[in-house]
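**Q** Okay, handing you the structure first.
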Amino acid sequence: MKEQRLKAPDKRLLTKEEPIPEEVRNAYVRFYDEWTNTSTVWKDYISLEGGKVVIRTFAGKNTKRHGLQILEVIRRIPGIEHYGARCLWYNYLGGWIPNFDPEQTYYGTYLDKQLRMEATVINEEILQTVPEFRYCGEIHGNTWVYLTRYLEHPEVELFGKMGLRPYASLLSKCKKDHQFRRWLFEHREECKYAGPAAAIRAYTDHCTVTEAQNRIYEEKRFIYELSDWASCHKWWDGVDTKRLKGYFDTKKVGLRSYKDYLSACRELGLPLTDNILFPSNFETAHDLRINQLNAKKVKDKEAMCENFAKICESYKPLETTFGPYCILIPVQVSDLVREGETLHHCVGKMGYDLKVTEGKSIIAFMRSTQAPDKPLYTIEYGVAAGKILQSHGDHNISLPEDAKQVVEQWAKQVKQQLKGG
């Protein structure tokens, strides 16, 4: 909180020491007689000081050890964006917490930014004696906010009569649209427990406040999910999410289906024009792009398999025999799939065929010379690293010592042959 000087007499009114009014003490006694509550209870007391209305906020608690404790922690004047405070600190878990230490009596004067406690007003009737607040109506929400807005907008009186908080957006709407003022009065009970956005949405959409709340929730969730997904892709730029939401509602499109469709468009390299983002017939466009992508994947897979076979053919000279073991080079991609399924590891699934095609790795099969067709161990040699990256048997078990020595000897031969090639 940033401290800032105030002109007299405001600073004096916000910081001078005053006793706790008996009316405040009696209000706390009545409260704890009716309710068993050991947590902090906030109450506002309105006093007239130097011709000004001063809002004094008290914190009270009642414990078996200390009994009833009351402390004045905040003091405000309606319309002035400064307040006096003492014995108050902020805990990120519990919010603003008063420190009931009688030795800490110093008041600080601060510029208001966030400290606006909501509390029950003990003596609201005193406002009837103040000409500028005589018709302010019943206070709802934060006392300082309500009275300050009433000074700026006398229409707040209507909110006091309706039992609503004087939200700025509702105030602005009431000023511009007198029909909305009448609608708000008729639906005041529904709007008491809803935010201003729901009230305005219910009025504009001609629906109930509950329906408006649900619509706002769904829209926010949709925009969040879409933005969260789209933020991962740089190609997503400038798309109107509200327009997209309207498109979804009109065309009965699901978010997951649209994600699949748009991902297919991206992989096909299509520009995100209006025709792509908002196709007139989504189902037809979706099926078309998915089929095009599948055809492209099949074509790419066929080309990759041909390249895989050619590269493995060039590695055939690396096949050799060391005592009871022989090392073989696969012929086609299906050999990797069979190897992985038999030995229960991922050589046939995790893109090892692509690594071979790109020249990053050499995949070899280590077999027994007595059963060269039966999978035994699988080896991955890193071409750039010039060494064995991994070698595993069934369920990724490690190789026995004699097999490890064979793999090391083979790796040395591979390195020499690749350099010589």
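**Q** Residue by residue through region 321-339, note down the ones that are surrounded by fewer than 16 Cβ atoms within 10 Å (Cβ to Cβ) and more than 45 Å from the chain's Cα centre (by Cα).
**A** Result: Thr321, Gly323, Pro324, Val331, Gln332.
**Q** Now for a separate question. Only one of these is over 15 Å from Tyr45 (Cβ atoms) and in contact with a strand residue (DSSP E or B) (Cβ under 9 Å, 6 or more places away or on another chain): Glu157, Glu124, Glu132, Glu118. Name it.
**A** Of Glu157, Glu124, Glu132, Glu118, the one residue that is over 15 Å from Tyr45 (Cβ atoms) and in contact with a strand residue (DSSP E or B) (Cβ under 9 Å, 6 or more places away or on another chain) is Glu132.
**Q** Residues to consider are Pro78, Pro19; find the one that is part of a loop (DSSP other than H, G, I, E, B) and touching a Phe, Trp or Tyr at 6+ places or on another chain (Cβ under 7 Å).
**A** Only one candidate passes the filter, namely Pro78.
**Q** Which residues, counting only those in region 142-159, are crowded, with 19+ Cβ neighbours inside 10 Å and more than 20 Å from Ile80 (Cβ to Cβ)?
**A** Scanning region 142-159 gives Leu158, Phe159.
**Q** Related question: So Pro131 passes all but one of these: (1) out of contact with any helix residue (DSSP H, G or I) (no Cβ under 7 Å at 6 or more places or on another chain); (2) not assigned by TED's automatic domain parsing to the domain that holds Arg25. Which condition number does it fail?
**A** (2)
Condition check ((1) within 29 Å of Pro131 (Cβ to Cβ); (2) among the small types (Gly, Ala, Ser); (3) not assigned by TED's automatic domain parsing to the domain that holds Pro78) across all residues:
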position: Gly163; (1), (2), (3): yes, yes, yes
position: Ser172; (1), (2), (3): yes, yes, yes
position: Arg182; (1), (2), (3): yes, no, yes
position: Glu186; (1), (2), (3): no, no, yes
position: Cys191; (1), (2), (3): no, no, yes
position: Ala198; (1), (2), (3): no, yes, yes
position: Asp205; (1), (2), (3): no, no, yes
position: Thr210; (1), (2), (3): no, no, yes
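**Q** Another one. Contact list please: Cβ distance under 6 Å, first residue in region 110-124 and within 19 Å of Ser39 (Cα to Cα), second residue basic (Lys, Arg), pairs at least six apart or on different chains.
**A** Short answer, once both residue conditions are applied: Ala119/Lys43; Thr120/Lys43; Ile122/Lys43.
**Q** Sticking with this one: I'd like to check something: does region 239-255 contain any residue that is touching a residue at least 12 places away in the same chain (Cβ under 8 Å), outside the structural domain of Lys355 (by TED's automatic domain parsing) and more than 25 Å from Lys220 (Cα to Cα)?
**A** no
**Q** A further question on this structure: Please name all residue pairs, on different chains or six or more residues apart, with Cβ atoms under 8 Å, provided the first residue is in region 30-41 and is surrounded by 10 or more Cβ atoms within 10 Å (Cβ to Cβ) and among the aliphatic types (A, V, I, L, M) and the second residue is at pLDDT 90 or above and part of a helix (DSSP H, G or I).
**A** Final answer for the pair search is Val41/Tyr28; Val41/Phe31.
**Q** Just for strands (runs of 3 or more DSSP E) wholly inside region 344-409: which have at least 2 residues that are under 42 Å from the mean Cα position of the chain (by Cα) and surrounded by 13 or more Cβ atoms within 10 Å (Cβ to Cβ)?
**A** 377-382, 387-392
**Q** Out of Lys349, Lys419, report the one residue that is at pLDDT below 90 and more than 25 Å from Met304 (Cβ to Cβ).
**A** Answer to the selection: Lys419.
**Q** Hey, another quick one. In region 166-206, which residue that is in contact with a Ser or Thr (Cβ under 8 Å, 6 or more places away or on another chain) and either surrounded by fewer than 17 Cβ atoms within 10 Å (Cβ to Cβ) or not aliphatic (A, V, I, L, M) (or both) is nearest to Gly141 (Cα to Cα)?
**A** Step by step, filter region 166-206, then rank; the result is Pro196.
Residues checked against (1) at pLDDT 90 or above; (2) in contact with a strand residue (DSSP E or B) (Cβ under 8 Å, 6 or more places away or on another chain); (3) farther than 30 Å from Lys297 by Cα; (4) of a type in the set (Lys, Arg):
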{"site": "Ile311", "(1), (2), (3), (4)": "yes, no, no, no"}
{"site": "Pro317", "(1), (2), (3), (4)": "yes, no, yes, no"}
{"site": "Val331", "(1), (2), (3), (4)": "yes, no, no, no"}
{"site": "Leu354", "(1), (2), (3), (4)": "no, no, no, no"}
{"site": "Ile363", "(1), (2), (3), (4)": "yes, yes, no, no"}
{"site": "Gly382", "(1), (2), (3), (4)": "yes, yes, no, no"}
{"site": "Leu399", "(1), (2), (3), (4)": "yes, yes, yes, no"}
{"site": "Ala403", "(1), (2), (3), (4)": "yes, yes, yes, no"}
{"site": "Glu408", "(1), (2), (3), (4)": "yes, yes, yes, no"}
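**Q** Every residue in region 60-84 that is among the aliphatic types (A, V, I, L, M), buried (at least 21 other Cβ atoms within 10 Å of the Cβ) and within 36 Å of the chain's Cα centre (by Cα), please.
**A** Answer for region 60-84, where residues must be among the aliphatic types (A, V, I, L, M), buried (at least 21 other Cβ atoms within 10 Å of the Cβ) and within 36 Å of the chain's Cα centre (by Cα): Val73, Ile74.
**Q** Additional query: Test each condition in (1) more than 38 Å from the chain's Cα centre (by Cα); (2) surrounded by fewer than 17 Cβ atoms within 10 Å (Cβ to Cβ) for Glu118 and report the one that comes out false.
**A** Among (1) more than 38 Å from the chain's Cα centre (by Cα); (2) surrounded by fewer than 17 Cβ atoms within 10 Å (Cβ to Cβ), the lone unmet condition for Glu118 is (1).
**Q** Note down all Cβ pairs under 9 Å where the first residue falls in region 408-421 and is more than 17 Å from Thr321 (Cβ to Cβ), the second is polar (S, T, N, Q) and at pLDDT below 90, and they're at least six residues apart or on different chains.
**A** Nothing qualifies.
**Q** Return the total of residues in region 261-288 being farther than 20 Å from Arg243 by Cβ and among the charged types (D, E, K, R).
**A** Within region 261-288, residues that are farther than 20 Å from Arg243 by Cβ and among the charged types (D, E, K, R) number 2.
**Q** Which condition number in (1) in a loop (DSSP other than H, G, I, E, B); (2) touching a helix residue (DSSP H, G or I) at 6+ places or on another chain (Cβ under 7 Å) is the one that Leu68 fails?
**A** Going through (1) in a loop (DSSP other than H, G, I, E, B); (2) touching a helix residue (DSSP H, G or I) at 6+ places or on another chain (Cβ under 7 Å) one by one, Leu68 breaks only (1).
**Q** Considering (1) outside any helix (DSSP H, G or I); (2) in contact with a helix residue (DSSP H, G or I) (Cβ under 9 Å, 6 or more places away or on another chain); (3) surrounded by fewer than 17 Cβ atoms within 10 Å (Cβ to Cβ); (4) in the same structural domain as Val24 (by TED's automatic domain parsing), say which one Ile139 fails and leave the rest.
**A** The number of the failed condition is (3).
**Q** Exactly one of (1) of a type outside the set (A, V, I, L, M); (2) modelled with pLDDT of 90 or more; (3) not in a helix (DSSP H, G or I) is unmet by Glu306. Its number?
**A** Of everything listed in (1) of a type outside the set (A, V, I, L, M); (2) modelled with pLDDT of 90 or more; (3) not in a helix (DSSP H, G or I), Glu306 misses just condition (3).
The values are calculated or read from the model by the stated rules, or taken from the named source; none is laboratory data. What you see is a predicted model; the values in this text were computed from it and never measured. As a convention, Cβ positions derive from the backbone with ideal geometry for all residues, glycine included, and neighbour counts pool all protein chains shown.
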